[in-house]
Amino acid sequence: LAIDTYLALEHSAVEAYNNVRKAVPRCYPDTDFPSHHKIKCIVAQMSGIESIVDDMCAEGCTAFTGDYALLDRCPHCHSYRYDHIKYEASNGKVKSPVKMFHTVPIGSQLQTLYQDPAAAANMCYRDEWTKRIFEELELTDGKLSIYDD
């Protein structure tokens, strides 16, 4: 039930999921309905698609990854990577990023899509139509009839 609810509310606010989560025990008292975070982790684990989380500059200038992974300040606007108050108060022990972003690797998304025959067929759409167009161009000396997608 929780997975179905999460997927049905995929493009809704987290609050919508939480409202359903609060309502379910009234009808099904023995149902364990996980938090949004927990169900999100379960779905990610099931699908094999998990995001990579990296720190970024508070202004969005720089992602602290690659050549910038070891920097503590943005090379462009010079803002701090970590919450400077927490960092100073802990003598540099607490490194709480000011801002973070998620990257979802395309490879794992494509692998997941290819596991479903219908999704795999949909991914070939562009290739199939491009081949048809080139075939028509060859047969008609480069003149294309009206193309309708």
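The values are calculated or read from the model by the stated rules, or taken from the named source; none is laboratory data. Keep in mind that what you see is a predicted model, and the values were worked out from it rather than measured. Cβ placement follows ideal geometry from the backbone for every residue including glycine, while neighbour counts extend to all protein chains displayed.
Yes/no per residue for (1) over 21 Å from HIS102 (Cα atoms); (2) in the same structural domain as TYR6 (by TED's automatic domain parsing); (3) of a type in the set (Val, Ile, Thr):
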position	(1), (2), (3)
ALA23	yes, yes, no
THR31	yes, yes, yes
SER35	no, yes, no
LYS38	no, yes, no
THR65	no, no, yes
HIS78	yes, no, no
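Which one of the conditions (1) part of a strand (DSSP E or B); (2) out of contact with any Lys or Arg (no Cβ under 6 Å at 6 or more places or on another chain) does ASP55 fail to meet, given that it meets all the rest?
Single failed check for ASP55: (2).
Among the numbered conditions (1) touching a residue at least 40 places away in the same chain (Cβ under 8 Å); (2) on the phi < 0 side of the Ramachandran plot; (3) not hydroxyl-bearing (Ser, Thr, Tyr), tell me where GLY48 comes up short.
With (1) touching a residue at least 40 places away in the same chain (Cβ under 8 Å); (2) on the phi < 0 side of the Ramachandran plot; (3) not hydroxyl-bearing (Ser, Thr, Tyr) applied to GLY48, the lone miss is (2).
Scan region 102-126 and report the pairs whose first residue is among the polar types (S, T, N, Q) and whose second residue is at pLDDT 85 or above, with Cβ atoms within less than 6 Å and a gap of 6+ or a chain change.
From region 102-126, the pairs are THR103/ILE52.
Return a yes/no flag: does region 8-25 have any residue that is part of a loop (DSSP other than H, G, I, E, B), surrounded by 11 or more Cβ atoms within 10 Å (Cβ to Cβ) and over 18 Å from the mean Cα position of the chain (by Cα).
No, there is no match, as no residue in region 8-25 is part of a loop (DSSP other than H, G, I, E, B), surrounded by 11 or more Cβ atoms within 10 Å (Cβ to Cβ) and over 18 Å from the mean Cα position of the chain (by Cα).
Checking the structure you have, find out if any residue of region 99-119 is surrounded by 13 or more Cβ atoms within 10 Å (Cβ to Cβ) and either farther than 30 Å from MET46 by Cα or touching a strand residue (DSSP E or B) at 6+ places or on another chain (Cβ under 9 Å) (or both).
yes
Hey, can you tell me all the residues within region 16-62 that are under 30 Å from HIS78 (Cβ atoms), touching a Phe, Trp or Tyr at 6+ places or on another chain (Cβ under 8 Å) and of a type outside the set (D, E, K, R)?
VAL53, MET56, CYS57, ALA58, THR62
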